[in-house]
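The values are calculated or read from the model by the stated rules, or taken from the named source; none is laboratory data. Quick caveat, the model's predicted, so the values are computed rather than measured. We place every Cβ from the backbone using ideal geometry, glycine too, and count neighbours over all the protein chains shown. For the accessible areas, the whole protein counts, side chains as well, though only heavy atoms, and no ligand, DNA or RNA atoms are used. Shrake-Rupley method; radii C 1.70, N 1.55, O 1.52, S 1.80 Å.
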Amino acid sequence: MMAKVYIEAHGCSLSLSDSEAMAGILHSVGYELSQEPSEADLNILVTCIVKGPTENRMRYRVRALSAMEKPLIVAGCMPEVEEKVLESLNPRASLLGPNSIGMIAEAVASTLSGKRFVAIRRGPEEKLGLPRLRRNPVVGIIPIASGCLGVCSFCQVRLARGRLYSYPPKAIVSEAIRAIKEGCRELWLTSQDNGCYGLDIGSSLPELIRFVAGIEGDFMVRVGMANPTYVKQFLEELLDAYKNEKVFKFLHIPIQSFCSRILCLMRRGYGPDDAMEIINAFRRTFPEGTLATDVIVGFPTETEEEFEETLEFVAKVKPEIVNISKFSPRQGTEAARLPRLPSEVVAKRSRLLTELSRKVSLERNEGWIGWEGTCIIEEPGLKPNQWIGRNMAYRPILIDEVSKNLLGKSAIVRVVGATSRCLKGKIIA
Ligand code: SF4
């Protein structure tokens, strides 16, 4: 009888994609995947260290899983940059870095036999063509590269995942075709920074989008996060690629701040005008499109006036989604050596930006009331007989009172309401 393995994944789409591949590899060699750590013979924790509170949560999970006295493998970004911390939390835990997921079966066999397995600080790994157990059968998460070209002063992820290593477009297209054959209706092109995709292999994000959207089949493509740094170089081409009806009109462009001095300190490689040029072009080309951005509040030395610049940007641009992070110093980063702002100042700025972003998201979402069109039922809602659909702008549409299993189906809906987080819809066909 092969052992039972529990996998718990945290973090970005790339991290979730890694966990799907690890589950697929283990399943393909006969291990059973269990839903609960208490039922498993071995536990795997796929970690994320993107910000302080997240790392604290990982430390808490390592302690909790270690307390079960079962073999433990810690994977993801944390082993690469916090090896000593993990050894202090559990010296027997095996460690598997984000560039070693292909070794998961070896790691499990070794750890189950009582031999600690450590595979970290390895070169880039191609993560395509691997067996996969998808978290959501509707969604094919397609990793397109590992690493990035960024030197962002606050970021520990680049220390964990290394320099850009783009996967060949041909291999990505094969992975996409496989996902479609397996019934996926959405393909998520994901990496740390899709904006720099292909710059190391003579390709580019617009070219890749054209190749994937050109595949036959009834599916939609979601393009993941892309920094303004590189997008500004191929903006028109990118917007052209987005015009394909198979591409969600969804642009996730993390600006982090709208103040040029802070962007310099962050070493982001673009200015407020660059970000504005991209956003204006997207809004002009796709007025109904969804704009998502990320903002770090309370970056060291940020003045009230400089924070105001970011508030004004949000009030003016009205992004549908603003992912807000309070600055937290990350081990080994440049920004960790800068003088920090008082925590009450950071908390106040986070509150102000949260209130404003909710207000503008609600305003934008209310603009959809009365809209009728097709959406893909992506996942079940939190309540029974509730579903979440995604329309052509990747807006989430909450649909109630439908007992039929709609997962992966297309439905024609009318939008009858809105909140700051989603639209409310009724199926009309
Ligand atoms: S682009 Fe910047 S923030 Fe993003 S992973 Fe790379 S270094 Fe980190």
Legend entry - Complete set of residues in region 137-156 that are β-branched (Val, Ile, Thr) and either closer than 24 Å to GLU55 by Cβ or in contact with a Gly (Cβ under 8 Å, 6 or more places away or on another chain) (or both): VAL138, ILE141, VAL151
Legend entry - ILE180 vs. criteria in the same structural domain as ILE296 (by TED's automatic domain parsing), away from the ligand (no atom under 14 Å from the Cβ), free of Cβ contacts under 8 Å to residues at least 60 places away in the same chain and open to solvent by 30 Å² or more (accessible area, probe 1.4 Å): yes
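Return the only residue of GLY114, GLY76, GLY129, GLY97 being of a type in the set (Gly, Ala, Ser), within 21 Å of the chain's Cα centre (by Cα), open to solvent by 30 Å² or more (accessible area, probe 1.4 Å) and not assigned by TED's automatic domain parsing to the domain that holds ARG163.
On the way: GLY114 fails: within 21 Å of the chain's Cα centre (by Cα); GLY76 fails: open to solvent by 30 Å² or more (accessible area, probe 1.4 Å); GLY97 fails: open to solvent by 30 Å² or more (accessible area, probe 1.4 Å).
Result: GLY129 is the single residue among GLY114, GLY76, GLY129, GLY97 that is of a type in the set (Gly, Ala, Ser), within 21 Å of the chain's Cα centre (by Cα), open to solvent by 30 Å² or more (accessible area, probe 1.4 Å) and not assigned by TED's automatic domain parsing to the domain that holds ARG163.
Residues that are out of contact with any Phe, Trp or Tyr (no Cβ under 7 Å at 6 or more places or on another chain), of a type outside the set (Lys, Arg), outside any loop (DSSP other than H, G, I, E, B) and within 27 Å of ILE49 (Cα to Cα): does region 358-378 have at least one?
No, the conditions are met nowhere in region 358-378.
Quick check: anything in region 26-41 in a strand (DSSP E or B), more than 17 Å from the chain's Cα centre (by Cα) and touching a residue at least 24 places away in the same chain (Cβ under 8 Å)?
Yes, the conditions are met somewhere in region 26-41.
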Inset, instruction - Spot the failing condition for GLU186; the list is (1) among the charged types (D, E, K, R); (2) at pLDDT below 95; (3) over 30 Å from ILE120 (Cα atoms), and only one is missed. - result: (2)
Legend entry - Qualifying positions in region 152-177 - open to solvent by 20 Å² or more (accessible area, probe 1.4 Å), away from the ligand (no atom under 16 Å from the Cβ) and part of a helix (DSSP H, G or I): PRO169, LYS170, ALA171, VAL173, SER174, ILE177
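Counting only residues that are open to solvent by 10 Å² or more (accessible area, probe 1.4 Å) and charged (D, E, K, R), which one in region 281-308 is nearest to the chain's Cα centre (by Cα)?
Restricting to residues being open to solvent by 10 Å² or more (accessible area, probe 1.4 Å) and charged (D, E, K, R), the top hit is ASP294.
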Legend entry - ALA67 vs. criteria open to solvent by 40 Å² or more (accessible area, probe 1.4 Å) and over 15 Å from SER94 (Cβ atoms): yes
Legend entry - Filtered residues of region 344-385 (kept if modelled with pLDDT of 95 or more and touching an Asp or Glu at 6+ places or on another chain (Cβ under 6 Å)): SER361, ARG364
Legend entry - helices (runs of 4 or more DSSP H) contained entirely in region 184-262, each with at least 2 residues that are open to solvent by 10 Å² or more (accessible area, probe 1.4 Å) and within 25 Å of VAL317 (Cβ to Cβ): 228-231, 235-242
Legend entry - Filtered residue count, region 310-360, keeping only those that are without any contact (Cβ under 8 Å) to a residue 60 or more places away in the chain, hydrophobic (A, V, I, L, M, F, W, C) and in contact with a Gly (Cβ under 9 Å, 6 or more places away or on another chain): 4
Inset, instruction - Working only within region 66-125, note down all residues that are free of Cβ contacts under 8 Å to residues at least 40 places away in the same chain, assigned to a strand (DSSP E or B) and β-branched (Val, Ile, Thr). - result: VAL74, VAL118
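I need a count of the residues in region 199-238 that are of a type in the set (A, V, I, L, M), away from the ligand (no atom under 16 Å from the Cβ) and within 27 Å of GLY408 (Cα to Cα). Give the steps one after another, and end with the answer.
Step one: filter region 199-238 for residues of a type in the set (A, V, I, L, M), giving 199, 201, 205, 208-209, 212-213, 215, 220-221, 223, 225-226, 231, 235, 238.
Next, from what is left, pick out any that are away from the ligand (no atom under 16 Å from the Cβ): 201, 208-209, 212-213, 215, 220-221, 235, 238.
Checking the rest, the ones that are also within 27 Å of GLY408 (Cα to Cα) come to 208-209, 212-213, 215, 220-221.
The number of residues fulfilling the criteria is 7.
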Inset, instruction - Would you mention how many residues in region 95-151 are within 16 Å of the ligand (Cβ to nearest atom) and touching a strand residue (DSSP E or B) at 6+ places or on another chain (Cβ under 9 Å)? - result: 11
Inset, instruction - Would you tally the residues in region 132-151 being open to solvent by 10 Å² or more (accessible area, probe 1.4 Å), assigned to a loop (DSSP other than H, G, I, E, B), touching an Asp or Glu at 6+ places or on another chain (Cβ under 8 Å) and of a type outside the set (Lys, Arg)? - result: 5
Inset, instruction - Could you tell me whether ALA160 is aliphatic (A, V, I, L, M) and without any contact (Cβ under 8 Å) to a residue 60 or more places away in the chain? - result: no
